Amino acid sequence: MAIAHPLIFSIVIPSYNYAHYLPRAIKSVTAQEGNDYEIVVVDDGSTDDTAAVVKNMQMSAQAPIRYVYQTNSGLSATRNRGAREAGGRFLLFLDADDALCPGALAHVRGPLQRQPHIDFVVGGYVI
């Protein structure tokens, strides 16, 4: 018997001194349709105002945003920490200086609903 996953997506945003980029990245996620996702920002020991930016975004966002701090450990360790903190069935890594295209989660959600046995989805990107 399959276990139901209310959270389909965990969007993990690693950040190291990218406070000025975070609002754009987070807003690109909160603008997505649905309520089956969470945002996990993993701060890799930033010395800028990353924590304050995320706290401000948490107060105004319509989606759950979790802030996780760790001492500086590098990108791989930061992504791994995000994966450990994630509660969704699928991980989506979004760099702090990137953004999701409008409708990105809806585009993936359809095939996942039609074929629930899918374990891995690969997406494209636009430069």
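The values are calculated or read from the model by the stated rules, or taken from the named source; none is laboratory data. Computed from a prediction, not measured in an experiment: that's the story for all the values here. Neighbour counts are summed over all protein chains in view; Cβ atoms, including those assigned to glycine, are modelled from backbone coordinates with ideal geometry.
Condition check ((1) touching a residue at least 60 places away in the same chain (Cβ under 8 Å); (2) touching a Leu at 6+ places or on another chain (Cβ under 6 Å); (3) closer than 22 Å to residue 102 by Cβ) across all residues:
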residue: 6; (1), (2), (3): no, no, no
residue: 13; (1), (2), (3): yes, yes, yes
residue: 24; (1), (2), (3): yes, no, yes
residue: 32; (1), (2), (3): yes, yes, yes
residue: 39; (1), (2), (3): no, no, yes
residue: 57; (1), (2), (3): no, no, yes
residue: 60; (1), (2), (3): no, no, yes
residue: 65; (1), (2), (3): no, no, yes
residue: 70; (1), (2), (3): no, no, no
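Yes or no, residue by residue, for (1) modelled with pLDDT of 95 or more; (2) in a loop (DSSP other than H, G, I, E, B); (3) not charged (D, E, K, R):
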{"site": "6", "(1), (2), (3)": "no, yes, yes"}
{"site": "19", "(1), (2), (3)": "yes, yes, yes"}
{"site": "25", "(1), (2), (3)": "yes, no, yes"}
{"site": "28", "(1), (2), (3)": "yes, no, yes"}
{"site": "33", "(1), (2), (3)": "no, yes, no"}
{"site": "41", "(1), (2), (3)": "yes, no, yes"}
{"site": "55", "(1), (2), (3)": "yes, no, no"}
{"site": "62", "(1), (2), (3)": "no, yes, yes"}
{"site": "67", "(1), (2), (3)": "yes, no, yes"}
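For segment 43-53, a residue qualifies if it is outside any helix (DSSP H, G or I) and more than 14 Å from the chain's Cα centre (by Cα), and the qualifying residues are 44, 45, 46, 47, 48, 49. Taken over segment 101-124, the residue count meeting the criterion of being exposed (fewer than 15 other Cβ atoms within 10 Å of the Cβ), outside any loop (DSSP other than H, G, I, E, B) and in contact (Cβ under 8 Å) with a residue 24 or more places away in the chain is 1.
Looking at residue 44, is it surrounded by fewer than 18 Cβ atoms within 10 Å (Cβ to Cβ), touching a Phe, Trp or Tyr at 6+ places or on another chain (Cβ under 6 Å) and not polar (S, T, N, Q)? Show your work before the answer.
Details: surrounded by fewer than 18 Cβ atoms within 10 Å (Cβ to Cβ): no; touching a Phe, Trp or Tyr at 6+ places or on another chain (Cβ under 6 Å): yes; not polar (S, T, N, Q): yes.
Spelling it out, it is not the case that residue 44 is surrounded by fewer than 18 Cβ atoms within 10 Å (Cβ to Cβ), touching a Phe, Trp or Tyr at 6+ places or on another chain (Cβ under 6 Å) and not polar (S, T, N, Q).
As a summary of the residue check, residue 98 satisfies the conditions (1) crowded, with 17+ Cβ neighbours inside 10 Å; (2) in contact (Cβ under 8 Å) with a residue 60 or more places away in the chain; (3) within 18 Å of residue 17 (Cα to Cα) except for the one numbered (1).
I'm trying to understand the selection: among the residues of segment 27-41, which are over 15 Å from residue 82 (Cα atoms) and either surrounded by 14 or more Cβ atoms within 10 Å (Cβ to Cβ) or of a type in the set (Val, Ile, Thr) (or both)?
Quick first cut of segment 27-41, residues over 15 Å from residue 82 (Cα atoms) only: 27-36.
If the condition is that a residue be over 15 Å from residue 82 (Cα atoms) and either surrounded by 14 or more Cβ atoms within 10 Å (Cβ to Cβ) or of a type in the set (Val, Ile, Thr) (or both), then 27, 28, 29, 30, 31, 32, 36 are the ones that fit.
Note on segment 73-97: residues that are under 20 Å from residue 120 (Cβ atoms), outside any helix (DSSP H, G or I) and not aromatic (Phe, Trp, Tyr) total 8.
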